[in-house]
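Let me begin by presenting the structure, written as structure tokens, before commenting on it.
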Amino acid sequence: MTPRALIPVADGVEDLETVTLIDVLRRAEVEVLVASVEERRMFTCARGTRLTADAMLVDVLAQAFDLIVLPGGMPGAQHLADHQPLAERVREQARAGALFAGLCAAPAVALQAYGVLRQRRMTCYPALSDRLSGCTFVDEAVVVDGNCITAQGPGSALAFALTLVERLCGKATRNRVAQAMLV
């Protein structure tokens, strides 16, 4: 069965992180659904890259996903944090023991606000670690704590995406994708 991943997006998400997640997961043959929390499918990333989402988030929230992963970037992570239907869906994902993840600002801004980081080891963009409570910040590029995977920033996006591939598809697929990209 093909794993499914949901990548919620909003104006102001980090360009490199968003595109890296989409690209690497699709190279691993994960079914990726990019869904906008905005009132339109087209969104503009933090550095001005314009992308078009596959769907509107509200139209896909009831679907099952093996992974929900939030890119960082500001103010994108704040837009994701403020979207209450997304917050509830990520809480459901966490309660079910299914994978959820965030990169850069997303763990400190969105996942923290959703309440899904309690008593977990995690990481985020280090300058935002002062926003955390009830969890343990680890100063590492990528941190896995059970079904929660977090990473620090644009520079760790590739390692983060490959970690997600390994959790969804296994080590052999991770190695195949990494080798094809000369990682």
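Only the coordinates and a few stated rules stand behind these numbers; no lab work does. These numbers come from a predicted model, not from an experiment. Cβ coordinates were reconstructed from backbone atoms using ideal geometry, including for glycine residues, and neighbour counts include every protein chain displayed.
Step through the residues of region 43-59 one at a time and calculate ³J(HN,Hα) from phi using the Karplus curve (6.51 cos²θ - 1.76 cosθ + 1.60, θ = phi - 60°), rounding each to whole Hz and writing x for Gly and Pro.
9, 10, 6, 4, 9, x, 5, 9, 10, 10, 6, 6, 7, 8, 4, 4, 7
In percent, what relative contact order does region 4-172 have, based on Cα pairs under 8 Å that are 6 or more apart in sequence?
Once divided by the residue count of region 4-172, the mean separation gives 22 percent.
Name the residue from ALA110, THR136, THR52 whose Cα lies farthest towards the positive end of the charge dipole of region 4-172, charges +1 on Cβ of Lys and Arg and -1 on Cβ of Asp and Glu.
The residue sitting farthest along the positive end of the dipole is THR136.
How large is ³J(HN,Hα), in whole Hz, for each residue of region 6-16 in order, when computed from phi with the Karplus curve 6.51 cos²θ - 1.76 cosθ + 1.60 and θ = phi - 60°, using x for Gly and Pro?
10, 10, x, 9, 8, 3, x, 6, 6, 4, 4
Under the rule of -39500 (n - 2.57) per DSSP H run of 4 or more residues, summed and divided by the residues of the chain, what mean residue ellipticity at 222 nm is obtained, to the nearest 500 deg cm²/dmol?
-9000 deg cm²/dmol
For ASP130 and ASP82, compute 0.36 nm times the residue count separating them, minus their Cα-Cα distance, and round to one decimal in nm.
Details: separation 48, 0.36 × 48 = 17.28 nm, distance 1.92 nm.
Between ASP130 and ASP82, full extension yields 15.4 nm more.
Placing unit charges on C-beta atoms (Lys and Arg positive, Asp and Glu negative, everything else neutral), compute the dipole magnitude of the chain about its Cα centre in debye, rounded to 20.
380
Once you put a point 7 Å from the Cα of ASP59 and another 7 Å from the Cα of GLU29, both along the Cβ direction, what distance in nm separates them?
That separation, rounded to one decimal, is 2.8 nm.
Compute the distance from the alpha-carbon center of region 89-131 to that of region 2-33, in whole Å.
With region 89-131 and region 2-33 each reduced to a Cα centre, they are spaced 17 Å.
Listed highest first by mean packing, meaning other Cβ atoms within 10 Å per residue, what order do 114-121, 66-73 come in?
For the peptides 114-121, 66-73, the packing ranking is 66-73, 114-121.
Run the simple label-point estimate for GLN179 and THR2 please: 7 Å along Cα→C-beta, distance reported in nm.
According to this spin-label approximation, the distance is 2.4 nm.
Hey, what does the equivalent ellipsoid look like for the chain, semi-axes from the Cα gyration tensor as sqrt of 5 times each eigenvalue, largest first, whole Å?
On the way: eigenvalues 83, 75, 55 Å².
Semi-axes, largest first: 20, 19, 17 Å.
Just the number, please: percent antiparallel of the DSSP beta bridges in region 2-128, rounded to the nearest 5.
DSSP beta bridges in region 2-128 are roughly 20 percent antiparallel.
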